[in-house]
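What follows is a single structure, written as structure tokens, with notes after it.
Just so it is clear, none of the values below were taken in a lab; they were calculated from the coordinates. What you see is a predicted model; the values in this text were computed from it and never measured. Cβ: placed from backbone, ideal geometry, glycine included. Neighbour counts: every protein chain shown.
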């Protein structure tokens, strides 16, 4: 995820002095509030503000227009409301809106499952497999996907190049938490889940692979990617740095595809092996 404006505009406050400071900050960023009202309506925007004012230790339900079930987001300093804003207001995944009736989507770096819920509501027959390694975040993800039982699967772990264990590396904001290989002497704190196993779970083919994995794409698109990429039709991915971008597009070099991008997010559609000249 990229922007911080909504987070800054709707910061949690305690005490009247902090309330006034928060009001001042929001007023200086009217575009964020106006866009939220335009995209979500006044009632939902007001609810998001109340949640940002709420407790970091609570999970709050919120109803979204055109979504069949409420979703749950954490209050206070959590970035969950910002994620929701970016998906629904700044239209984070508009690049994939032309995808034609996908059957299976793998959501890597699922966070609390908001992208999965977006896809589940947009494509009524799709099945989404969500992968998230951080325990507290995964718990909310499971809660958000529960109403879609039969079409949604939540797996606790991290997509990696090989099986085994990985180590979790929490960051200052939960939406940028990272995963890394265990250091010498570490046993790892989360399950590593491979793309071949996810493809098998999906029935042999993934129509859309969505990845927002905060740098783990360097590992995922290593040499072993050649074995599973033929079983993926489209990819939407956020690339974190020049080395991730280089690794990703090198892995895709044997393929023809159409590509579009927005900031750090790239959509590579209709992957097909290049024909020999």
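A few comments on the model shown:
- Read-out P(r) over Cα pairs in 10 Å bins from 0, in percent, derived from the coordinates shown; its label in (1) 6, 24, 32, 24, 11, 2, 0; (2) 6, 29, 35, 21, 8, 1, 0, 0; (3) 7, 29, 30, 19, 12, 4, 0: (2)
- Computed from Cα atoms, the angle from the helix 242-251 axis to the main principal axis of the chain rounds to 40 degrees.
- Acute angle (nearest 10 degrees) that the helix 135-145 long axis makes with the longest principal axis of the chain, alpha-carbon atoms: 90 degrees
- Net length gained if the chain between residue 183 and residue 201 were fully extended (0.36 nm per residue, minus Cα distance): 3.5 nm
- Within the chain, antiparallel bridges make up roughly 50 percent of the DSSP beta bridges whose residues both belong there.
- Here the sum of -39500 (n - 2.57) over DSSP H runs of 4 or more residues, divided by the residues of the chain, equals -9000 deg cm²/dmol at 222 nm, to the nearest 500.
- In this simple spin-label approximation, residue 35 and residue 77 carry label points 7 Å from Cα along the Cα→Cβ vector, and these lie 2.5 nm apart.
- Rounded to the nearest 10 degrees, the angle from helix 42-52 to the longest Cα principal axis of the chain is 90 degrees.
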